[in-house]
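The structure appears below as structure tokens.
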């Protein structure tokens with residue numbers, strides 16, 4: 001199953017393309033989903049620039065983007081080693097939390113997890 005995001009003028013739609021051609025599920029954001037028919041089964045990926053745009057729009061400021069800066073407290077970070085994306089969380093002392101590192105071999109899944117964790121951190125730390 002592939003995840004995707006469509007952004008448009010004043011509207012944003014998250015969706016999941018199923019492996020069955022012509023069907024997809026739309027996440028309504030309220031814990032429910034609906035089926036959309038006649039959608040081509042194609043690979044939908046988010047680029048780094050789209051992720052950065054989302055981070056800016058949603059004011060997700062506690063993200064360490066590919067270790068462009070030193071680790072800081074209460075950050076969510078993304079790094080890439082070889083062909084593996086790593087998502088991690090830092091604690092109040094700017095150390096990577098034991099057990100927080102998630103290794104993914106899919107770039108899209110890594111970005112999705114990064115955004116989920118960053119949104120949670122924003123709510124938790126009110127930043």
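The values are calculated or read from the model by the stated rules, or taken from the named source; none is laboratory data. Everything numeric here is computed off the predicted structure, so don't read it as measured data. Ideal geometry is used to build each Cβ from the backbone, glycine not excepted, and the neighbour counts take in all protein chains shown.
A few notes on this one:
- Residues of segment 95-110 that are within 22 Å of residue 49 (Cβ to Cβ) and part of a strand (DSSP E or B): 104 alone.
- Conditions (1) more than 15 Å from the chain's Cα centre (by Cα); (2) at pLDDT 50 or above; number of the one not met by residue 23: (2)
- Residue list for segment 91-106, restricted to those being touching a strand residue (DSSP E or B) at 6+ places or on another chain (Cβ under 9 Å) and closer than 11 Å to residue 75 by Cβ: 96, 97, 100
- Any hit, segment 111-127, residues being loosely packed, with under 15 Cβ neighbours inside 10 Å, free of Cβ contacts under 8 Å to residues at least 40 places away in the same chain and in a loop (DSSP other than H, G, I, E, B): yes
- Residues that are part of a loop (DSSP other than H, G, I, E, B) and surrounded by fewer than 11 Cβ atoms within 10 Å (Cβ to Cβ), drawn from segment 70-94: 70, 82, 83, 92, 93
- Filter result (touching a residue at least 40 places away in the same chain (Cβ under 8 Å) and within 26 Å of residue 105 (Cβ to Cβ)) within segment 59-74: 60, 62, 63
- Only a single item in (1) assigned to a loop (DSSP other than H, G, I, E, B); (2) out of contact with any helix residue (DSSP H, G or I) (no Cβ under 6 Å at 6 or more places or on another chain); (3) closer than 23 Å to residue 126 by Cα is not met by residue 60, and it is number (2).
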